[in-house]
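Let me begin by presenting the structure, written as structure tokens, before commenting on it.
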Amino acid sequence: MRQQPSDVTPLPQNNHSLPSRAPLPDEVSPLLGNRTPRQFMRRYWQKKPLLIRQAVPGISAPLSRDELFELADSDDAESRLITHFRNTWNLEHGPFAPDELPSVKKRDWTLLVQGVNLHDDRAHALMNLFRFIPDARLDDLMISYATDGGGVGPHFDSYDVFLLQVHGKRRWRIGAQRDLSLKPGLPLKVLQHFEAEEEWVLEPGDMLYLPPHIAHDGVAEGECMTCSIGFRAPSAHELTAQFLYHLAERTGEKASGKADARYRDPAQPPVDTPAALPSLLVERVGAILANVDWSDKDIAEFLGTYLSEPKANVVFDPPTRTLNEQKFVERAKKTGIRLDRKTILLYNTHSYFVNGEAAALSAKAKKWLPELADTRRLEAKRFVTLTGDLAMTSLLHEWYRAGWIHTDSLA
């Protein structure tokens, strides 16, 4: 295993100054340059870039360099290594054993680790500062580690991103160019004609917000780490395909009468061109498809299940020693409960959606489930007041057994 060079400063590991929660809609916050979330969303969100100096003063990297390298060696994490040695771009996908990464003394390489919030509570807490934007849009926190000169080339993203510097310095150049053509033959998307309009050097605590399709290029000045908080922005094609699949599944579950009838063509005449597609077939199938309809409720159910579905590499860890329901309730009365950092819990007026599953939001569940979803925990005192609802304790015990929620350890 490669030893850490003695002349490289270890990255800090703690964030004692990290705010405890996201700012409220009308709360002025340093995170947004002493603006309120309402002002930020109205003036900047999906409209124009914003540089925020000392958005999180005193911040340090949520993971040390060695911790990040260890995570990149895991099958559960998505990691990429990008090098620009001898002016040639190269991309490799992890996991990476320690001896598969270049030396930290070598210039011009970058390690990207996606979804760090799924694996580390500190990264999860940092991502949660951005929950003034709906959870349905919030995607993940990626950490970019780079040596001097490291970067991924000038590029653009199709989604919003907050670029928070957490260690060292990175020089950012951005431009709102229209020419988004890419250099051909490269393993990653690098703009062919990048034209920078503005340029800044970001230090720890500084943050840059970029809406979609703003061209940008970030280059490390010395060893650095940057946290990228990204947002889901499915394409129209993806949403259409997934919704129609969802609708077909639901139609199949409820099929009866006409919906379950087979195609029939009693009026089909004989043909002398058997390979030709019959116009009667096209007409009759068109009539069948014209009868397909959906409601706002169908759309909401699709979005709730689709956007709460965990990513393919997410695995939940059930408790090592599972408590039965009675002991679980007794423990939760003392410690409260909290959602696992990988759990996605969404809701609307009629339903709730947890990790890709949908269920009706009953009148009793409305008393506690939105609170759990919004705060991601129920304190012990609050849990005690709700324990008369046996349906709630039974449901939460199921989630506990699946590893979706946890009780805290007793002191």
Worksheet item: Pairs under 6 Å by beta carbon, first residue closer than 17 Å to TRP404 by Cα in region 363-379, partner surrounded by 14 or more Cβ atoms within 10 Å (Cβ to Cβ) and of a type in the set (Val, Ile, Thr), six or more apart or different chains?
Response: LEU378/ILE337
Discussion item. Go through (1) within 24 Å of the chain's Cα centre (by Cα); (2) in the same structural domain as LEU111 (by TED's automatic domain parsing); (3) surrounded by 14 or more Cβ atoms within 10 Å (Cβ to Cβ) for ALA220 and report which single condition fails.
Written reply: (1)
Worksheet item: Can you tell which of ALA275, ALA360, ALA312, ALA287 is free of Cβ contacts under 8 Å to residues at least 40 places away in the same chain, closer than 30 Å to GLY115 by Cβ, surrounded by fewer than 17 Cβ atoms within 10 Å (Cβ to Cβ) and outside the structural domain of ASP75 (by TED's automatic domain parsing)?
Response: ALA312
Response to the item:
Here, strands (runs of 3 or more DSSP E) confined to region 125-217 with at least 2 residues that are under 27 Å from ALA77 (Cα atoms) and within 23 Å of the chain's Cα centre (by Cα) are 138-146, 161-175, 207-210
Discussion item. Which pairs turn up if I take residues in region 102-126 that are basic (Lys, Arg) and look for partners that are part of a loop (DSSP other than H, G, I, E, B) and buried (at least 23 other Cβ atoms within 10 Å of the Cβ) with beta carbon separation below 8 Å, at least 6 apart in sequence or on another chain?
Written reply: ARG107/GLY150; ARG122/PRO62; ARG122/LEU63
Practice prompt. Look through region 378-406, keep the residues that are in contact with a strand residue (DSSP E or B) (Cβ under 8 Å, 6 or more places away or on another chain) and not in a loop (DSSP other than H, G, I, E, B), and return whichever of them is surrounded by the most Cβ atoms within 10 Å (Cβ to Cβ).
Written response: LEU396
Worksheet item: What are the residue pairs meeting all of these: first residue in region 226-239, first residue part of a strand (DSSP E or B), second residue of a type in the set (D, E, K, R), Cβ atoms under 7 Å, and 6 or more apart or on different chains?
Response: THR226/ARG170; GLY230/ASP139; GLY230/ASP140; PHE231/ARG137; PHE231/ASP139; PHE231/ASP160
Practice prompt. Please tell me if LEU51 is within 30 Å of THR375 (Cα to Cα), outside the structural domain of THR343 (by TED's automatic domain parsing) and buried (at least 21 other Cβ atoms within 10 Å of the Cβ).
Written response: no
Practice prompt. Considering (1) under 20 Å from LEU50 (Cα atoms); (2) among the acidic types (Asp, Glu); (3) modelled with pLDDT under 90, say which one GLU249 fails and leave the rest.
Written response: (1)
Discussion item. Looking only at region 377-411, filter to residues that are among the charged types (D, E, K, R) and touching a Ser or Thr at 6+ places or on another chain (Cβ under 8 Å); which one of those is farthest from ALA358 (Cα to Cα)?
Written reply: ASP408
Practice prompt. Please find, within region 281-295, the residue that is nearest to LEU244 (Cα to Cα) out of those that are of a type in the set (A, V, I, L, M) and modelled with pLDDT of 90 or more.
Written response: VAL282
Discussion item. Can you find a residue that is modelled with pLDDT of 95 or more, β-branched (Val, Ile, Thr), part of a loop (DSSP other than H, G, I, E, B) and in contact with a Ser or Thr (Cβ under 7 Å, 6 or more places away or on another chain) anywhere in region 341-362?
Written reply: yes
Worksheet, complete the sentence: Log entry, pairs with first residue in region 156-172 being farther than 16 Å from TRP200 by Cα, second being aromatic (Phe, Trp, Tyr) and assigned to a strand (DSSP E or B), beta carbons closer than 9 Å, six or more apart or on different chains, reads TYR159/PHE231; ASP160/TYR209; ASP160/PHE231; VAL161/TYR209; VAL161/PHE231
Practice prompt. Would you mind finding the one in ARG122, ARG80, ARG107, ARG86 that is part of a helix (DSSP H, G or I) and under 28 Å from ALA196 (Cβ atoms)?
Written response: ARG86
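Residue-wise test of (1) in contact with a Lys or Arg (Cβ under 8 Å, 6 or more places away or on another chain); (2) under 24 Å from PRO187 (Cα atoms).
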| site | (1), (2) |
| --- | --- |
| ARG122 | no, no |
| ASN128 | yes, no |
| THR147 | yes, yes |
| PRO154 | yes, yes |
| VAL161 | no, yes |
| LYS169 | no, no |
Worksheet item: Can you spot a residue in region 13-23 that is modelled with pLDDT of 95 or more and not aromatic (Phe, Trp, Tyr)?
Response: yes
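The values are calculated or read from the model by the stated rules, or taken from the named source; none is laboratory data. All values derive from a computational prediction rather than experimental measurement. Quick reminder, even Gly has a Cβ in these numbers, built from the backbone with ideal geometry, and neighbours come from all protein chains shown.
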